[in-house]
Amino acid sequence: MVKLHKYLLLVFLCLVNIPAALAANEKVVYHIHQTQADTLKRAINNIENLKKGMPGKPMDIRLLMQGNSIQLLNPSLQDKNLMARLLKLQDSGIHIEVSEKNYRHNRLQIESSLKPLLVENFFGRLIELQNQGYRYLTP
Amino acid sequence: MFKNRLRNKKLSQQLCANRERFYKLAYAWTRDAMLADDLVQEAMQKAFVSFNSLKDETKLKAWTCRIMLNCYHDWLRRKKDTMDIDDFELVADSSPDRYMTAQDSSQMIRHCIACLNEKYRNVITMIDIMEFSYQEASDALDIPIGTVMSRLCRARNQLRDLVEKYNNQIFPVNPQYIRRVK
Amino acid sequence: MAKNTQQTDKQLSDELLNSFIDHQVAPDERREILDLIKKDKNLSNRVCDLQHIKEMTKLAYEHIPASRLPETVILKKRIVPRIAAVIAIFSLGLLLGLAVTQLNDYSESIASFNADDSITKVLVHLTSSDIDSGLNTLNNLQLLLEEYESNQQAVRVEVIANGKGIQLLDVGNNLISQRIKQLTNDYHNLTIAACKYSIEQLQISNGVKVDLIPQVRVIDSGVVEVIKRQNEGWTYIRG
């Protein structure tokens, strides 16, 4: 009976970790604030690699863009393939959020298929997400 | 782990080989075949799952006997309202007259053994039925060897007296052999 | 041995004789007792008597009601209770795991929130000399500070500039310096720091001398300060 208890305890300890691992989303907030030409490409590469690196793991990735970096979402200024990759990421569940102030102030043109969330208080949003356990990444 | 399983298998085989003796011992205590079976079954079940706690394999029989004795005591506690185990004595399940007419000496002897004080009965049955050495009886009952020897001595003397009395058609009505109900 | 038998009273002799019939005496002692038995008829009778009792006891259980159970005892495998136990433990494990996940999320948010629960602490790291980016950062900072103020929530913001970010804090950048002056005047919970090492490096490597805005304080190492703040639970934002 003692031996059975030992095995059950072992199973129990293992099982405690399984649902914890399975249930946990990998949460990442990817912050773009730069406007270099290759910034978006680097960001997309990073995010794709992140998803490849954790296959099967549920992920909640939010791409937050501020300032002139929102221009990177202008289809006329971007490579079509890159835009296609970004759309594919969005379809796979990546959320795109942009600073509302920057978006409206600059009258930025965004790819119509992309449906970013407009964020009123951008830094506040970054703080909020980090407080919720999102890991902070930049290109 | 594999070694352990082999060891356990060997021990269980040894126990099963002695099952008949354990049954006789249990019968000597309970005087009931079904109860004896249950007692043996329970003791062996407990022994099987507790082999890891048996450090010395040479003491397997004594160890199992101890388990069986504990099971028996548990059964007595559950069954009776009274209770100091040491106070309790089995009531003879048949009157002396029956033995006189039936002349079933084995049954008579079993009855006499049942009339012994439990401490003496345990020792004499372990030595004569289980064929335990004094050391094994000492281990099973958790008493010193000297105590085993003195109790055995008294048990056999009392048994002889009881058998003699039966043979002389006298059965003592002794209050100590009647179950006390508190 | 002879001395013993003389000295022993009846009880001891009985015990010894019982040991003898039970084969519990040493071989040499057994031989001695056998010799005595041969010589002493009473002793012989007592031994026979005891032997008879022993045999009687043994034979009494030769013909008892037979056991119903087979020779080998089959271990009762209590399947149902075991299955129930496994299911219960599995469920408990799952629930606990989920609870731990929730707790981890909560504790992570607490940790990242701050040591001092009442104040939100934010670290903004400037590494780029891009003016637009710098201005955008300052605008967002203002939004943040305004929101916390309007919500009557405490916040501390520290801006740390190192590398090329130092260049933003040069008095020559009018737009930036004006904004910083305004913000630091309006919000005393905003501090700006510049990495001394980066200042020196800029001068040495690039020949750029940075004349810092007066509101900026100099710290020894920007990177060390960034790490220190993060360890203290400050929220990190790259500006």
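The values are calculated or read from the model by the stated rules, or taken from the named source; none is laboratory data. Keep in mind that what you see is a predicted model, and the values were worked out from it rather than measured. Cβ sites come from the backbone with ideal geometry, for glycine too, and all protein chains shown count toward neighbours.
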Within segment A:52-66, can one find any residue that is touching a Pro at 6+ places or on another chain (Cβ under 6 Å) and either in a loop (DSSP other than H, G, I, E, B) or away from every other protein chain (no Cβ under 14 Å) (or both)?
no
Any hit, segment C:173-189, residues being buried (at least 17 other Cβ atoms within 10 Å of the Cβ), within 14 Å of chain A (Cβ to nearest Cβ) and on the phi > 0 side of the Ramachandran plot:
no
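Every residue, every condition in (1) surrounded by 14 or more Cβ atoms within 10 Å (Cβ to Cβ); (2) in contact (Cβ under 8 Å) with a residue 24 or more places away in the chain; (3) farther than 25 Å from C:Asn139 by Cα; (4) out of contact with any Ser or Thr (no Cβ under 9 Å at 6 or more places or on another chain), yes or no:
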| position | (1), (2), (3), (4) |
| --- | --- |
| A:Glu26 | yes, yes, yes, yes |
| A:Gly67 | yes, yes, no, no |
| A:Met83 | yes, yes, yes, no |
| A:Lys101 | yes, no, no, yes |
Considering only segment B:135-168, state which residues are acidic (Asp, Glu) and either within 15 Å of the chain's Cα centre (by Cα) or over 14 Å from B:Cys115 (Cβ atoms) (or both).
B:Glu136, B:Asp139, B:Asp142
Looking at this structure, is A:Gly133 more than 21 Å from A:Lys41 (Cβ to Cβ) and among the small types (Gly, Ala, Ser)?
yes
Selected residue (criterion: farthest from C:Glu225 (Cα to Cα)) from residues of segment C:116-139 that are within 7 Å of another protein chain (Cβ to nearest Cβ) and under 34 Å from the mean Cα position of the chain (by Cα)
C:Thr120
In the list B:Leu25, B:Leu15, which residue meets the criterion of being assigned to a helix (DSSP H, G or I) and either more than 9 Å from chain C (Cβ to nearest Cβ) or touching a residue at least 60 places away in the same chain (Cβ under 8 Å) (or both)?
B:Leu25
Filter result for C:Leu103 (facing another protein chain (nearest Cβ under 8 Å) and either touching a Pro at 6+ places or on another chain (Cβ under 6 Å) or at pLDDT below 90 (or both))
no
Reported set for segment B:31-57 where residues are β-branched (Val, Ile, Thr) and modelled with pLDDT of 90 or more is B:Val40
Top-ranked residue in segment A:123-139 [being of a type in the set (S, T, N, Q) and surrounded by 18 or more Cβ atoms within 10 Å (Cβ to Cβ); ranked as farthest from C:Tyr148 (Cα to Cα)]
A:Thr138
Restricting to helices (runs of 4 or more DSSP H) lying wholly in segment B:78-182: which have 2 or more residues that are at pLDDT below 50?
B:96-102
Answer yes or no: is there a residue in segment A:69-78 that is of a type outside the set (A, V, I, L, M), within 11 Å of chain C (Cβ to nearest Cβ) and within 17 Å of the chain's Cα centre (by Cα).
yes
Scanning segment B:111-146 for residues that are more than 18 Å from C:Ala60 (Cα to Cα) and of a type in the set (Gly, Ala, Ser), the one surrounded by the most Cβ atoms within 10 Å (Cβ to Cβ) turns out to be B:Ala137
Tally time: how many residues in segment B:59-73 are more than 24 Å from C:Glu62 (Cα to Cα) and either out of contact with any Asp or Glu (no Cβ under 9 Å at 6 or more places or on another chain) or at pLDDT below 90 (or both)?
2
Take segment B:28-53 and flag every residue that is in contact (Cβ under 8 Å) with a residue 40 or more places away in the chain, buried (at least 20 other Cβ atoms within 10 Å of the Cβ) and at the interface with chain C (Cβ under 8 Å from one of its Cβ atoms).
B:Ala28
From the set of residues in segment C:24-60 that are more than 21 Å from B:Ile129 (Cβ to Cβ), among the charged types (D, E, K, R) and surrounded by 12 or more Cβ atoms within 10 Å (Cβ to Cβ), which is nearest to the other protein chains (Cβ to nearest Cβ)?
C:Arg46
What is the one condition in (1) facing chain C (nearest Cβ under 9 Å); (2) assigned to a helix (DSSP H, G or I) that A:Tyr136 does not satisfy?
(2)
What number of residues within segment B:54-80 are among the hydroxyl-bearing types (Ser, Thr, Tyr) and surrounded by 16 or more Cβ atoms within 10 Å (Cβ to Cβ)?
2
